[in-house]
Amino acid sequence: MSHHLIKRLSSGERFFHWLNMLAFIVLALTGLGLYSQKFFGLTGLFGGVDLSRAIHHYVGLVFIATTFIILFQFMRDYTAPGEDTLGTTIKSYLDPDFKGPPAGKFNAGQKLFGWCAFLFGVVMGITGLLMWFPSTVGRGLQQWMYFLHNFSFIVFMGFMMIHVYLGTVGVPGTWSAMSRGTVTKEWAKKNHPAWEGEEA
Amino acid sequence: MAEKFIVIDTSKCTACRGCQTACKQWNNLTAVATNNRGSYENPPDLSSSTYVKVLFHETEVDGEVKWHFGQRRCMHCADAGCIKACPVPGAITRDANGAVVINQGLCTGCKYCVFACPFDIPRYDSGNAEGAGVDRAYKCTMCFERQSMGMEPACTKTCPTGALSFAGEAKLAGIKAGAKDRGLEVYDGGPLATNVVFLLEDSPSAYGLPAKPAIPTPTYLWRTVMKPVGVVAFFAGLIALIAHYVNVGPKVAEEETGTTAPTGEGGGDSDVSSPY
């Protein structure tokens with residue numbers, strides 16, 4: 001089988017993606033518990049509200065760090081030219097018969113996702129730090145930090161839902177890139193025809 | 001119990017600060033060492049040990065000094081920004097008398113209320129006994145515990161000039177009518193419907209009060225708008241993904257369907273049955 005496999009993600013890329021993912025799951029669960037009385041019960045999962053907040057703060061630092069590391073790891077792929085557009089990418093997901101311009105290592109949708117994950121991740125990071133140390137900026141600006149943290153989470157979560165779906169059941173064969181770092185030749189030909197990956 | 005109101009008639013205030021002292025005494029709040037900052041106002045700000053502070057607003061009118069004596073204190077809003085912002089069940093509550101109270105035993109020091117207040121009132125501090133090294137939020141309690149024993153708040157009880165009074169709804173109506181006759185502006189928080197009512201000799205801004213008090217826009221967006229938006233967006237997204245899986249189906253690479261199944265032309269529902 002190994003001759004069918006192509007290297008998609010290096011062990012370093014996978015490591016930081018896993019770290020970022022685990023951090024986000026912890027942040028989402030602790031964050032919801034700290035956001036609203038409706039989700040207050042979630043703080044019990046992490047040993048109470050004080051511990052939830054401490055975990056949220058320090059895991060947040062891990063999330064910020066990995067968000068930047070991941071951007072540096074994929075910067076070249078995010079900026080690589082490609083014939084496909086966001087429109088053709090979305091069409092290819094909605095219409096199985098659609099044959100659009102071939103995508104490179106990342107299609108236009110994945111590039112947009114990469115930038116947005118970084119952007120909204122950083123906004124959550126900056127606003128989060130200011131929620132941790134609220135006396136840093138003025139009162140009027142601080143009020144917007146809470147809203148922006150919340151808003152960025154909702155947008156980020158929306159992108160994540162699509163990301164997780166397409167990375168698992170939506171496009172079968174993708175998950176192995178995250179787990180083993182490899183994909184099949186057939187998968188690459190179907191999803192990223194213009195990408196010349198190395199054999200694993 | 002019916003709602004109660006603290007009425008502050010600024011025309012009668014002589015800035016004796018008896019209310020400040022009575023408040024500290026009843027609530028067991030310590031005095032704070034301060035420096036002369038060129039004003040009679042003292043201490044410099046509300047804090048975990050100062051729930052009420054008399055304002056000395058000094059202006060010059062026709063070569064003469066004109067004082068405006070106001071107060072900084074919790075206004076006990078019916079529509080309270082702090083309660084909207086608080087993420088801990090029961091940590092900030094509004095009782096039947098209208099007293100909005102922070103329970104420091106439940107407060108976890110998130111400081112959301114500090115920035116959600118239209119009047120910039122709650123202060124956080126880790127110094128007090130309840131805090132024990134962790135931040136807790138503090139503000140005026142409207143002496144809810146005195147009220148529960150049938151007593152009026154310490155500040156209104158002690159006021160020697162009648163500037164501060166404690167009133168029920170019927171008495172408040174009379175006070176409001178009388179104030180209009182005397183040319184005083186009634187300031188009751190407008191849409192926030194505060195249980196602290198000012199009778200002002202001058203514009204609200206002369207007393208450090210917002211002219212149009214309202215829950216801050218970002219706080220409103222954060223607590224009132226984004227909550228349902230987030231929940232709806234989450235479930236709409238979930239339904240959209242399930243709909244995609246069921247109607248369009250997963251994007252299967254050739255190998256899996258390979259020689260046995262038709263390669264994609266089927267589209268639609270036939271793809272759903274393809275193994276992956």
For A:Leu22: the one exception among (1) within 30 Å of A:His192 (Cβ to Cβ); (2) surrounded by 15 or more Cβ atoms within 10 Å (Cβ to Cβ): (2)
Find the residue count for the stretch A:174-187, including only residues that are open to solvent by less than 10 Å² (accessible area, probe 1.4 Å) and closer than 14 Å to B:Ala253 by Cα. 2
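Residue-wise test of (1) touching a helix residue (DSSP H, G or I) at 6+ places or on another chain (Cβ under 6 Å); (2) outside the structural domain of B:Arg146 (by TED's automatic domain parsing); (3) open to solvent by less than 40 Å² (accessible area, probe 1.4 Å); (4) at positive phi.
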position: B:Leu55; (1), (2), (3), (4): no, no, yes, no
position: B:Glu64; (1), (2), (3), (4): no, no, no, no
position: B:His68; (1), (2), (3), (4): yes, no, yes, no
position: B:Pro89; (1), (2), (3), (4): yes, no, no, no
position: B:Asn97; (1), (2), (3), (4): yes, no, yes, no
position: B:Val101; (1), (2), (3), (4): yes, no, yes, no
position: B:Gln104; (1), (2), (3), (4): no, no, yes, no
position: B:Thr108; (1), (2), (3), (4): yes, no, yes, no
Kindly indicate whether A:Phe40 is over 14 Å from A:Met124 (Cβ atoms), within 11 Å of chain B (Cβ to nearest Cβ) and among the aromatic types (Phe, Trp, Tyr). yes
Enumerated helices (runs of 4 or more DSSP H) restricted to the stretch B:102-210, each holding at least 2 residues that are farther than 19 Å from B:Val54 by Cβ and within 14 Å of chain A (Cβ to nearest Cβ): B:112-116
Scan the stretch A:1-28 for residues that are within 14 Å of chain B (Cβ to nearest Cβ), assigned to a helix (DSSP H, G or I) and under 24 Å from the mean Cα position of the chain (by Cα) and jot them down. A:Ala28
Which of the residues belonging to the stretch A:133-173 are more than 10 Å from chain B (Cβ to nearest Cβ), open to solvent by less than 50 Å² (accessible area, probe 1.4 Å) and closer than 24 Å to B:Tyr112 by Cα? A:Val137, A:Gly138, A:Ser152, A:Phe156
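The values are calculated or read from the model by the stated rules, or taken from the named source; none is laboratory data. All values reported here derive from a predicted model rather than from experimental measurement. Using ideal geometry, Cβ is built from the backbone for each residue, glycine included, and neighbour counts are taken over all protein chains shown. The accessibility values were calculated without ligands, DNA or RNA, using every heavy atom of the protein model including side chains. Shrake-Rupley method; radii C 1.70, N 1.55, O 1.52, S 1.80 Å.
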